[in-house]
C-alpha cells in the first residue's frame, strides 16, 4: 500500500496531478448542479406568483 | 440550405431539456465508473515505464483532459456556428455550456503537463514550445469567449458576437494536434493516433483507452447538466417551463 503512495519517489508528482484533475471534475459537477438548481428555483418562484418575471421586474422599477 | 425535420426537434427547449434529463445520469454513471476502473488499472496494476518509472502514470489523465478541452472547443465552435447561421438559440446554449467545461479541463491539462514536465524535461514550463503555447492559447480563447459574452447585456447580441470569436478560434485545434509533427518541441509525438500500431504496451494501452472513454462520458454528462441549467435560464417566464415546474412540484 505504501508502495502505491510512494510511486518510486514520484508520489508527489503523480498524486498532485490526479488530485488536481479530481478537483476540476468536482468543481464542474458542483457548478453545473448549482446553476441547474438555481434556475429551477427561479422558475418555481415565477410559477408561484404566476407573473412573467421580465415584466414584473420592469414594473417594480 | 434546408434542414431535415428531425433537426428541428433539437431546436425545441422542452424536448432537449427532457432528453438531457434522461440521458445525463447514464453518461455520468458510466463515466465515473470507467474513470474509477481506469485510475485503478493505471495507478496500481499497469507496470512502471522502463524509462520514466512511475511518473509516467500521469499519462492516464493528462492527454485525456487535453483531449476533452479540444473536443469542448470544437463542439463550442460548431454549435456557435450553427446558431449563428440558422438562428437556433439552443445551439448557442450548447456553445455557452461547453465553454466553462473546456476552460477548466484545458487548465487541468496545462497544470498536469507542468507537473509531468518537471521530473521528465527538468522544467515546469517552456516558453516557446509550440504545443504548450497553442494549448495556452486554447485556454485564452475559452476565457476570451466567456469574457466577451459577459460584456453584453443583451443575450442575443452576446450569442452572435461570441459565435464569431468561437468559430475563428477553431483553427487552433488542428494546430495543437499537429504541432508535435510540424515543429521541434519538447513534447513527444503521437503515441496512439499513428498509421501503424500504437506505441504502447497493452497493459498500459487498456487503462489509457478506458480513461479516454470515461472522460468523454464525463464531459457529455457535464455538458448536458450545464445545458439544462442554461435552457432554464433562457426560458424563464415561458409557458412550458411554468407548466413543467408546476407538474413536478405538484
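All of the numbers you see were taken from the coordinates with simple rules; none came from a lab. All values derive from a computational prediction rather than experimental measurement. Here the Cβ positions follow ideal geometry from the backbone for every residue, glycine too, while neighbour counts run over all protein chains shown.
At-a-glance table
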| quantity | calculated |
| --- | --- |
| Partner chain coverage, peptide B:236-245 - average Cβ within 10 angstrom | 5 |
| For the stretch B:6-36 versus the stretch B:197-218, the gap between their alpha-carbon centres in whole angstrom | 24 Å |
| Cα long-axis angle, helix B:13-40 against chain B (0 to 90 degrees, to the nearest 10) | 20 degrees |
| Packing-based ranking, highest mean first, of B:36-49, A:13-26 given that Cβ atoms within 10 Å are counted | A:13-26, B:36-49 |
| Shielding by partners - mean other protein chain Cβ count within 10 Å, residues of B:222-232 | 5 |
| Residue-averaged beta-carbon neighbours from other chains (10 angstrom radius) around A:24-31 | 6 |
| Structure-based [θ]222 nm, chain B - -39500 (n - 2.57) summed over DSSP H runs of at least 4, per residue, nearest 500 | -25000 deg cm²/dmol |
| Sequence ranges B:206-213, B:12-19, ranked by mean other-Cβ count within 10 angstrom, highest first | B:206-213, B:12-19 |
| Using alpha-carbon coordinates, inclination of helix B:239-249 to the longest axis of chain B, degrees | 70 degrees |
| Cβ-derived FRET efficiency at R0 45 Å, residue B:156 paired with residue B:209, nearest 0.05 | 0.60 |
| Packing-based ranking, highest mean first, of B:74-80, B:159-165 given that Cβ atoms within 10 Å are counted | B:74-80, B:159-165 |
| Rounded to 10°, Cα long-axis angle of helix B:89-121 versus longest principal axis of chain B | 10 degrees |
